[in-house]
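Take a look at the structure set out below.
The values are calculated or read from the model by the stated rules, or taken from the named source; none is laboratory data. These numbers come from a predicted model, not from an experiment. As a convention, Cβ positions derive from the backbone with ideal geometry for all residues, glycine included, and neighbour counts pool all protein chains shown.
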Amino acid sequence: MRPKMTAGMVGMGMIFDDTYRPFFEAVARQGLQDRRFGDVDVQLVAVATKTGSRAERYQRQSAGLIPAFENCAGDSAVQQMLKHRPTFACVATPDNRHFEAAREILEAGVYLLVEKPSVLSLSELDELTSIAERRGVLARVVYHKLLDPDHKKLRTLVADNVLQHVNNGYCSLLEPRQISGQQFSEWITGRNPGTYVAVHYIKLIDFTFGGRLKTVLCTGQRGLVGPRDGNTWDSCQLRLIYEYEDGREAAFDIHTSWVTPDNFPGYVEQEVQFRFDNGIWNGHSRKRGVELTVDQLTPLKLKNTINNHYNGSFLEPWGERAQRGYGIEVIDRFARETAWVEYGGPAGEREQRLQQIRQLSYADLAADRQVVAAVEAMERILEEQAAGRPDRVARYDGHTIRLC
Ligand SMILES: NC(=O)c1ccc[n+]([C@@H]2O[C@H](COP(=O)([O-])OP(=O)(O)OC[C@H]3O[C@@H](n4cnc5c(N)ncnc54)[C@H](O)[C@@H]3O)[C@@H](O)[C@H]2O)c1
């Protein structure tokens, strides 16, 4: 009989539909194979959500595509899901509701995959890291932009010293209004687009260029999603300052918004520019090469500039329908890492395999510390601004954050 990994899922919103759903459907069809661990079955056995209604809808839609799963809802949904003793569980709840579910999962000795931003404070991160250590399981976080071929190329050029010493850069990621107005209306109060999407670029910068985060500055605007003097933000401008081993510094500005008009030409408008001692990298999601216009469909139902690399639905040349891209690849990769730890060799060497995967810092929770420090600092500065004390600066010494 084939070995089997079972999975739990917490939260079934937009990102579940985009990436987890196609992953579970593909793996139910074709299994998970690798010469290092063989042919492993992967099955979604239970899901935990707030109300159970989206899960119920997906139970109907997925009949025949994946085996039946239990729909757990309400306050004890995660505990109910964990009664199945899944091999791993994924957390895709709103940004500020990752920690509780992640803690329960790790305490149960279940491997964890949590959406970005992993958690919102260093104390939460340290607690999860130590539980994962004690329980001997992986705790991983999803940053799919690290798997974007453009970003892999950037990192390759940096690693090979073709691009030398980053000096500064900027990134922007603008979401349409429907995200703040409709999709996230249940949890938008008190939230900001920086935590939600700047975190993609914080990770890209941290992982690609290394260095030590030392200073965080941030400001933001209000008045569209919530009151102009409240703590719900329309847009944010974040600045990070890093220091490198040779004592030189770099500064990065990251601008985000979730109030951009719905009829702009792409799903998200993303742009980066990084400047080096000897070069410059310009990336623009609208310049991936495709511009599409269809009467009555673009730009609202279909977008003019489509990202076919993240998560696209295709008719394959051999006639099959498929949904593929780096957003799904990152989840597949986690499942392979888990399968390798569990089945990739003698049980007595499981601990070595576990440690080896933990060294892959692109997704390890312990390696997310500087990113979480930047997020915590940003949230604390915005809180101060909302309380009438704007323009605070956060200093990070590698352990704690101090607001000046
Ligand atoms: N990797 C990416 O690029 C990417 C893209 C979008 C979202 N995300 C992240 O994924 C997470 C979810 O985002 P989304 O867009 O799917 O949000 P969403 O609002 O569409 O869905 C949230 C889901 O969580 C469930 N939920 C809410 N509170 C819960 C609780 N306490 N316990 C259990 N379930 C609960 C809701 O029922 C819903 O199913 C966020 O942290 C977000 O930052 C990542």
Residues located in region 72-122, provided they are within 17 Å of VAL371 (Cα to Cα), among the hydroxyl-bearing types (Ser, Thr, Tyr) and buried (at least 20 other Cβ atoms within 10 Å of the Cβ): SER118
Lone qualifier among VAL268, VAL290, VAL294 - being in contact (Cβ under 8 Å) with a residue 24 or more places away in the chain, among the hydrophobic types (A, V, I, L, M, F, W, C) and either surrounded by fewer than 19 Cβ atoms within 10 Å (Cβ to Cβ) or under 29 Å from LEU163 (Cβ atoms) (or both): VAL268
Residue match in region 319-334 (condition: on the phi > 0 side of the Ramachandran plot, surrounded by 21 or more Cβ atoms within 10 Å (Cβ to Cβ), assigned by TED's automatic domain parsing to the domain that holds ASP39 and of a type in the set (Gly, Ala, Ser)): yes
Count of region 172-198 residues which are under 13 Å from VAL225 (Cβ atoms) and among the aliphatic types (A, V, I, L, M): 2
Condition broken by VAL225, with the remaining ones in (1) in contact with a His (Cβ under 9 Å, 6 or more places away or on another chain); (2) crowded, with 19+ Cβ neighbours inside 10 Å satisfied: (1)
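Residues are listed down the side, and each one gets a yes or a no for (1) within 22 Å of ARG97 (Cα to Cα); (2) within 16 Å of the ligand (Cβ to nearest atom); (3) without any contact (Cβ under 8 Å) to a residue 24 or more places away in the chain:
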| site | (1), (2), (3) |
| --- | --- |
| PHE24 | no, yes, no |
| ASP41 | no, no, no |
| ARG54 | yes, yes, no |
| ALA68 | no, no, yes |
